[in-house]
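Below is one structure, written out as structure tokens; the observations come after it.
Only the coordinates and a few stated rules stand behind these numbers; no lab work does. Bear in mind the structure is a predicted one, so any value in this text is a computation, not a measurement. Neighbour counts run over all protein chains shown; Cβ positions are idealised from the backbone, glycine included.
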Amino acid sequence: MLRVDVEKQLGEFSLQASFESEGRVTGLFGASGAGKSSLINMIAGLLRPDRGTIVIDGETVDDTAAGIHVPTYRRRIGYVFQDARLFPHLNVAQNLDYGRRMNRLPSDPAQHKRVVELLDIGPLLDRRPGKLSGGERQRVALGRALLSKPRLLLLDEPLGALDEGRKLEILPYLVRLRDEANIPMVYVSHDVAELRQLATQIVMLRQGRVTSFGGVKVLT
């Protein structure tokens, strides 16, 4: 469960958003500049709200009235960006292991095997990121986030930098992730077709305000 009720002033831009979602994939939909990335960064703890609360899986991670702000590294959140952000000097296996080591988690060979099979990245483990396609890099970024054992996965336009062919390549993996990984996701996109295929609930943002919330039917 994710509950958000926040306000944030960013220069001339004002963001006010309130919603509660129990969906497997909550889609944040809106045009560029609607406030999607600012909202997901508040959920991640990278931005502090000026006012309001954020509750993840029953834990209050932000409550401005009570002075609560749980730092990002303690929120148990996986974050996948548009540009993958893999470490170029590490191979795929080392990149995958980074999140686990940073979170001081014990080695879990069974989970590692599940994630590698889920994302079909076994043949890539010895390669460096520079030798991967855009779609392969995003699959590795997803794997790294999953292996940090998050309770929530944030995806900020993860297909935005890919051409149509690469998007069609990676979308089935995202659907499989939704159906098999059992980790709730917040998925930021301005692509209606992506969200129709992936999301179970939609938050529509326009100029920093939630204009609609509900099932994928709100996209019609």
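Using a ≥ b ≥ c from the Cα gyration tensor of the range 57-178 (square roots of the eigenvalues), is it rounded, prolate or oblate, where a/c under 1.5 gives rounded and otherwise the larger of a/b and b/c decides, a/b for prolate?
The shape class here is prolate.
Grab the alpha carbons of the range 171-211, take their convex hull, and tell me the volume per residue in Å³.
Output value, Cα hull per residue: 74 Å³.
Distances between placed amide hydrogens fall under 5 Å for residue 212 paired with 204, all partners being 5 or more residues away or on another chain.
Computed from label points 7 Å out along Cα-Cβ, the spacing between residue 192 and residue 57 is 3.5 nm.
Treating each Cα of the range 2-219 as an identical point scatterer and ignoring solvent, apply the Debye formula and state log10 I(q)/I(0) at q = 0.17 Å⁻¹. With one equal scatterer per Cα and no solvent, log10 I(q)/I(0) is -1.22. Checking every one of the GluC sites (Glu not before Pro) in the range 1-61 against DSSP loop status and a limit of 16 other Cβ atoms within 10 Å picks out 12, 22.
Run the numbers for residue 20 and residue 101: contour at 0.36 nm per residue of separation, minus the present Cα-Cα distance, in nm.
Net length gain for the segment: 26.0 nm.
Excluding same-chain neighbours fewer than eight residues apart, the lysines reachable from residue 8 by a Cα-Cα span under 22 Å are 36. Normalising the average separation of contacting C-alpha pairs (under 8 angstrom, six or more residues apart) by the number of residues puts the relative contact order of the range 67-220 at 26 percent.
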